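Data block below; observations after.
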Amino acid sequence: MNHSIQTIIVILLTAAAATGMSGCADRSKSERNKPTASSLPTSNEGTPKLSIDPAIDVANSESEEPKGVFEFGQLSDADLARTSWENPFRPRLWSCDGWKINEDSMTSESETPQPATFLRPYRNVLIECRFSRSGKVDSPRDLPPIEFELRLRNRDSQRQAILSHTSEKVTLSESDGEASSAKRPLREYTQAVSGDSQDVEVRLTMTPSRILVVVNGQMRINSPRPTSVLNADCLSQFMVREPGIALTDVRFEGD
């Protein structure tokens, strides 16, 4: 009897030992399969990165002025403040490829018309200037009158109001600002320009509601302000049709 009891106890102890060894083996296998600190991916490896960049505002990005066209970064706060400029012939104030800046004038040098852009924007402005042929002219009557454009370029939309001066007429028009965009005449004054005077004096006044143009002391254009530049900050651009034309007596005043 005692021998039977001892046999049963041995069998139970053997079974318990086998079960314990199995559990240890399972735990050991589990520990082996558990990733260690060295095998876990770091925060910069193996895991997708969440973007922390702000969402791009498509509407605003499309309305931004194209980069590289004008270097506005070169202007100081004082340059951009409301002020009156008398003969502002300083290179930092202009984008003017094809022009030579002198102490008191600018002269066109390119055979291809190139705009000279004053980089201080205005919403309302008075612009005065004089166009003349540089150097001595022996026979001014043999030369055609000076042809030029004075443009007001909307900084946001790139649309333009354009004052054109030719030997036959003075025209105020507007365009969408694209190279292929046709000009839409708004006002026109037919004139007979005398060859006695090769200088052209211009005063353009842009108020919140109107544009007034005086050429050589005579009112030529009195027009509602074009929608292309209505309630907009504008850059002033000067363009001539031939090299050797000087821009002098320049004055800007406005806000």
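The values are calculated or read from the model by the stated rules, or taken from the named source; none is laboratory data. Quick caveat, the model's predicted, so the values are computed rather than measured. Quick reminder, even Gly has a Cβ in these numbers, built from the backbone with ideal geometry, and neighbours come from all protein chains shown.
Details
- When the range 217-255 is filtered for residues that are under 25 Å from SER110 (Cβ atoms), in a loop (DSSP other than H, G, I, E, B) and among the acidic types (Asp, Glu), only GLU242 remains.
- Which listed residue is in contact with a Phe, Trp or Tyr (Cβ under 9 Å, 6 or more places away or on another chain) and surrounded by 12 or more Cβ atoms within 10 Å (Cβ to Cβ), from PHE89, PHE131: PHE131
One line per residue, one yes/no per condition, for (1) part of a strand (DSSP E or B); (2) surrounded by fewer than 19 Cβ atoms within 10 Å (Cβ to Cβ); (3) at pLDDT below 95:
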{"site": "ARG141", "(1), (2), (3)": "no, yes, yes"}
{"site": "ILE146", "(1), (2), (3)": "no, no, yes"}
{"site": "THR171", "(1), (2), (3)": "yes, no, no"}
{"site": "ALA182", "(1), (2), (3)": "no, yes, yes"}
{"site": "SER194", "(1), (2), (3)": "no, yes, yes"}
{"site": "ARG203", "(1), (2), (3)": "yes, yes, no"}
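- Taking the numbered list (1) out of contact with any helix residue (DSSP H, G or I) (no Cβ under 9 Å at 6 or more places or on another chain); (2) modelled with pLDDT of 95 or more in turn, GLN160 passes all entries but (1).
- Some residue of the range 214-231 being more than 20 Å from LEU172 (Cα to Cα) and in the same structural domain as PRO115 (by TED's automatic domain parsing): no
- Exactly one residue out of ARG241, ARG225, ARG203, ARG210 is under 24 Å from the mean Cα position of the chain (by Cα) and closer than 17 Å to LEU150 by Cβ: that is ARG225.
- Within the range 205-216, restricting attention to residues that are in contact with a Pro (Cβ under 8 Å, 6 or more places away or on another chain) and part of a strand (DSSP E or B), the residue that is farthest from ARG130 (Cα to Cα) is ARG210.
- Boolean, GLU168 is among the acidic types (Asp, Glu), within 22 Å of VAL215 (Cα to Cα) and in contact with a strand residue (DSSP E or B) (Cβ under 7 Å, 6 or more places away or on another chain): yes
- Cross-chain or 6+ apart pairs with Cβ under 6 Å, the range 111-133 first and outside any strand (DSSP E or B), then charged (D, E, K, R): PRO113/ARG241; GLN114/ASP97; ARG123/ASP233; ASN124/ASP255
- Residue check for THR227: of a type in the set (S, T, N, Q), farther than 22 Å from PHE131 by Cβ and in contact (Cβ under 8 Å) with a residue 12 or more places away in the chain: yes
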